[in-house]
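This report refers to the structure that appears directly beneath it.
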Amino acid sequence: LLASWVFWTPLLDSLAFEVPRPYPGGAENGQLLDFEFSGGQLTFSQQQLEVLIPDLGSVPKPSDFQVLGARYRQSPLITAWPEELISKLASDIEAAAVQAVRHFGKFHLALSGGSSPIALFQQLATGHYSFPWAHTHLWLVDERCVPLSDPDSNFQGLQAHLLQHVRVPYYNIHPMPVHLHQRLCAEEDQGAQTYASEISALVANSSFDLVLLGMGTDGHTASLFPQSPTGLDGDQLVVLTESPFRPHQRMSLSLPLINRAKKVAVLVMGRTKREITTLVSRVGHEPKKWPISGVVPLSGQLVWYMDYEAFLG
């Protein structure tokens, strides 16, 4: 206590005559603080901790109390340490799957690639034996224009970490057709239109039951990048896009299609995402600058899943 006193006293004294930094207001910025004025009273607005206790018969560990429910961009936010966050997301996906199969007989799940979902795929493969895989259709949110066997392929990652470990019927797996006629993402091969037609034929109202997204350090999501000429609006369900990162050519679900989903989960992990999560928490609806800000399901639910490093740094 004395050591902290010695540290904080000079710091606070140095700020004694500083004007407090104003926070941007307005509905589009949401609750940037944990308290607010309401009816002339100062009230604490932070929601209660959501407690996860995996085994009621065991002595709870500190990690069992690490999932915090709050709000981010007006939508539910779940923050936790990486292991607990992945476990919570996997459980939520399974719950959505069970509900969809119970009501409609099938579950349409669109998954993003990249490094962050790998732990999720592994968790689903090894810890959720009652998942209704036999009635689940797996789609890709985006794909790199490489052969499906290439290590850079999102489908290859999905295959290695999930598909080969669970019993999904072969005809329920829907890779993006990026490699047609021995060419990669050639406009004349109409791969994007083919995938859009497949979605329209199999997914009722082209409305996925759940779409899993990530968020890049530039605010991109799926393979929809800032200033992208396609995919951010319009009628196309699936588009070809250009990435600033290699491999440059991509195929992606469009923002209007993503926003038709019944539920959208955005998984954000790692200290490198701290700056963009702070920025995106304060911007409005500006998908041209930050495509992730355009994720606003029309009649579905958006839930953010962030680990503490992404949320707090």
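The values are calculated or read from the model by the stated rules, or taken from the named source; none is laboratory data. This is a predicted model, so every value here is computed, not measured. For neighbour counting, all protein chains shown are included, and Cβ atoms are generated from backbone atoms with ideal geometry for every residue, glycine included. Note: areas computed on protein heavy atoms with side chains; ligands, DNA, RNA excluded. Shrake-Rupley method; radii C 1.70, N 1.55, O 1.52, S 1.80 Å.
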State all residues of region 152-167 that are surrounded by fewer than 19 Cβ atoms within 10 Å (Cβ to Cβ) and outside any helix (DSSP H, G or I); if no residue qualifies, say none.
Asp152, Val166, Arg167
Among the residues of region 180-195, are any charged (D, E, K, R) and either assigned to a loop (DSSP other than H, G, I, E, B) or closer than 14 Å to His137 by Cα (or both)?
no
Check on Asp233, among the acidic types (Asp, Glu), out of contact with any Leu (no Cβ under 6 Å at 6 or more places or on another chain) and either in a helix (DSSP H, G or I) or open to solvent by 70 Å² or more (accessible area, probe 1.4 Å) (or both)
yes
Restricting to region 117-135, what's the tally of residues that are under 15 Å from Glu83 (Cα atoms) and open to solvent by 50 Å² or more (accessible area, probe 1.4 Å)?
4
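Residue by residue, here is whether (1) more than 23 Å from Ser299 (Cα to Cα); (2) among the aromatic types (Phe, Trp, Tyr) holds:
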position	(1), (2)
Asn205	no, no
Phe208	no, yes
Leu213	no, no
Thr217	yes, no
Phe225	yes, yes
Pro229	yes, no
Gly234	no, no
Val239	no, no
His248	yes, no
Exactly one of (1) of a type outside the set (A, V, I, L, M); (2) open to solvent by less than 40 Å² (accessible area, probe 1.4 Å); (3) within 27 Å of Ala95 (Cα to Cα) is unmet by Arg260. Its number?
(2)
With respect to Ala119, determine if the residue is touching a helix residue (DSSP H, G or I) at 6+ places or on another chain (Cβ under 7 Å) and at pLDDT 90 or above.
yes
Here the residues within region 219-230 that are in a loop (DSSP other than H, G, I, E, B) and in contact (Cβ under 8 Å) with a residue 60 or more places away in the chain are Gly219, His220, Ala222, Ser223, Phe225, Pro226, Gln227, Ser228
Inside region 93-143, the number of residues satisfying the requirement of being at positive phi and more than 19 Å from the chain's Cα centre (by Cα) is 1
Of the residues Phe208, Phe245, only one is part of a loop (DSSP other than H, G, I, E, B), free of Cβ contacts under 8 Å to residues at least 40 places away in the same chain and farther than 17 Å from Arg73 by Cα; which?
Phe245
Taking interchain pairs and intrachain pairs at least six residues apart, which have beta carbon atoms under 7 angstrom, with the first residue in region 269-293 and closer than 20 Å to Leu232 by Cα and of a type in the set (A, V, I, L, M, F, W, C) and the second in a loop (DSSP other than H, G, I, E, B) and open to solvent by less than 20 Å² (accessible area, probe 1.4 Å)?
Ile276/Met215; Ile276/Gly219; Val280/Gly219; Trp290/Gly219; Trp290/Val283; Ile292/Met215; Ile292/Gly219
Which pairs do you get when a residue that is under 16 Å from Ser116 (Cβ atoms) and at pLDDT 95 or above, found in region 152-164, comes within reach of a residue that is of a type in the set (S, T, N, Q) and open to solvent by less than 20 Å² (accessible area, probe 1.4 Å), reach meaning Cβ atoms under 8 angstrom, with the pair 6+ apart or on two chains?
Asn154/Ser112
Going through region 263-312 one residue at a time, which ones are outside any helix (DSSP H, G or I), open to solvent by less than 40 Å² (accessible area, probe 1.4 Å) and not aliphatic (A, V, I, L, M)?
Lys263, Gly270, Ser281, Gly284, Pro287, Pro297, Gly300, Trp304, Tyr305, Asp307
Just the residues that are within 19 Å of Ala192 (Cβ to Cβ) and either open to solvent by 50 Å² or more (accessible area, probe 1.4 Å) or small (Gly, Ala, Ser) (or both), please, taken from region 141-151.
Arg144, Leu148
Candidates Leu138, Leu85, Leu109 - the one that is open to solvent by less than 10 Å² (accessible area, probe 1.4 Å), in a helix (DSSP H, G or I) and either closer than 30 Å to Pro244 by Cβ or not hydroxyl-bearing (Ser, Thr, Tyr) (or both)
Leu85
